[in-house]
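To start, the structure under review is shown below, and the notes come after it.
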Amino acid sequence: MIIDCHGHYTTAPKALEEWRNRQVAALGDPSARPSPAELRIGDDEIRESIEQNQLRLMRERGSDLTIFSPRASFMAHHVGDASVSAEWASICNELCHRVAELFPDHFIGAAMLPQSPGVDPRTCLPELDRCVRDFGFVGLNLNPDPTGGYWKSPPLTDRHWYPIYERMVEYDIPAMIHVSTSCNACFHTTGAHYINADTTAVMQLIEGDLFRDFPTLRFVIPHGGGAAPYHWGRYRGLAQALKKPELREHLLRNVFFDTCVYHQPGINLLTEVIPVDNILFASEMVGAVRGIDPETGHSFDDTRRYVEAADLTAEDRHKIYEANARRVYPRLDAALKRRGR
């Protein structure tokens, strides 16, 4: 199998965005806030939105199953208060669950949390419980910066986050570290804020000792790990200066990187620097970069081409495509085994 660990419902029917616009417009007047019951999206609309987009590309490019979560830029945890985020997360997670129910062989869910700036992460647990217990989701997205580019939350190693980590350990599920829209004009959302957050998460984890408290906790750092693989020597040197163990011991038992890197030299570097056991296949299609690379004539986000062309053995590719995802996402592995896969 080829398992894509990083997919978002970026092609949801237009009614979702229209409902969200009404919710945001009513922030100053709660009486005008739309009810979730007012959002009506039929199964046929969902089928069309998937079959003409993600599923079509999966078939064309040869991937089999996508771990599917709500659109990252739509999470927008900085908008409104905790009640707004809770309502929005619930709606978005339910849509991803419906996708997985309609296309069980091709999609399985990962949860968006109803995070809100300055709000105790414990408030996210009921929605996470629902997604895992009722919907069968196999992971979650954790936003380390709910402020949208102003970074007012404590580092990921702070006890502030421990309630979520405790639940992750209980369920044996990983989190993908994924920010949302930037509302800071200094940081372009997908070109700067996303990559900054990936890099920042790696450094925060190096500085702390989180995995002493949670030895089975697992994180996926998306977009190839941001700048971290490119500057791996810098991070190894910083870890040494901080009197931390070598990164293989300090970080790589618990931290994994995906292949959302949109050119061949980038994948070559990722697979040369980061151990193959720590790399998971991903494309984030249909996502931030949807165009055709004029140098190759192929889509930038057709990441399987890069993995196929990298200097890897057949065993290496099997790990990247399937085995590592089954190991990092045990609930995914269990779900696949129940289906005889």
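Below, the figures for the structure above:
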| quantity | calculated |
| --- | --- |
| Solvent accessible area, Å² - R234, 1.4 Å probe, full protein context | 150 |
| Segment 150-213-segment 215-229 distance, computed between alpha-carbon centres (Å) | 10 |
| In Å², nearest 10: area of W19 left accessible to a 1.4 Å probe | 10 |
| Normalised contact order of segment 79-201, rounded percent, pairs of Cα under 8 Å and 6 or more residues apart | 21 |
| Nearest-20 debye value, the chain charge dipole, Cβ charges on Lys, Arg, Asp, Glu | 480 |
| Whole-percent pair-distance distribution, where bins are 20 Å wide, for the alpha carbons of the chain | 32, 61, 7, 0 |
| Helix-only mean residue ellipticity at 222 nm for the chain, each DSSP H run of n ≥ 4 adding -39500 (n - 2.57), per residue, nearest 500 | -11500 deg cm²/dmol |
| Solvent-accessible area per residue for the chain (1.4 angstrom probe, square angstrom) | 42 |
| Anchor K243: lysines whose Cα lies under 30 Å away (excluding residues fewer than 8 positions away in-chain) | K152 |
| Built amide H within the under 5 Å cut-off of L142, gap 5+ | M176, I177, H178 |
| Point-charge dipole on Cβ atoms (K/R +1, D/E -1) for segment 68-224, about Cα centre, debye to 20 | 180 |
| Accessible-area composition of the chain, carbon plus sulfur, in percent [1.4 Å probe] | 48 |
| Residue-by-residue Karplus 3J(HN,Hα) for segment 204-218, coefficients 6.51, -1.76, 1.60, Hz, glycine and proline x | 4, 5, 5, 5, x, 9, 4, 7, 5, 7, 10, x, 9, 5, 9 |
| Gain upon complete extension [A314, E170; 0.36 nm per residue less C-alpha separation] | 48.4 nm |
| Karplus 3J(HN,Hα) series, Hz, for segment 256-264 with 6.51 cos²θ - 1.76 cosθ + 1.60 (x for Gly, Pro) | 10, 10, 9, 9, 6, 10, 9, 7, 5 |
| Positive-end residue of V24, L57, A12, charge dipole of segment 1-81 with Cβ unit charges | V24 |
| Packing-based ranking, highest mean first, of 98-110, 306-318 given that Cβ atoms within 10 Å are counted | 98-110, 306-318 |
| Amide hydrogen neighbours beyond the local backbone of D293, cut-off 5 Å, H modeled | H298, S299, F300 |
| Heavy-atom accessible area order for Y262, Y9, Y150, largest first, 1.4 Å probe | Y150, Y262, Y9 |
| Proximal aspartates and glutamates to K244, defined as alpha-carbon separation beneath 12 angstrom and excluding residues fewer than eight positions away on the same chain | E207, D209 |
| ³J(HN,Hα), Karplus 6.51/-1.76/1.60, whole Hz, each residue of segment 267-277, x for Gly, Pro | 5, 4, 5, 4, 6, 7, 8, 8, x, 4, 5 |
| Prolate/oblate/rounded call for segment 231-341, Cα gyration tensor, a/c under 1.5 rounded | oblate |
| Placed amide H near H6: partners under 5 Å, 5+ positions off or other chain | I67, S283, E284 |
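The values are calculated or read from the model by the stated rules, or taken from the named source; none is laboratory data. Everything quoted here is computed from the prediction, not taken from an experiment. All Cβ positions, even for glycine, are placed from backbone atoms using ideal geometry, and neighbour counts span all protein chains on display. Ligands, DNA and RNA are excluded from the accessible area calculation, which covers all protein heavy atoms including side chains. Shrake-Rupley method; radii C 1.70, N 1.55, O 1.52, S 1.80 Å.
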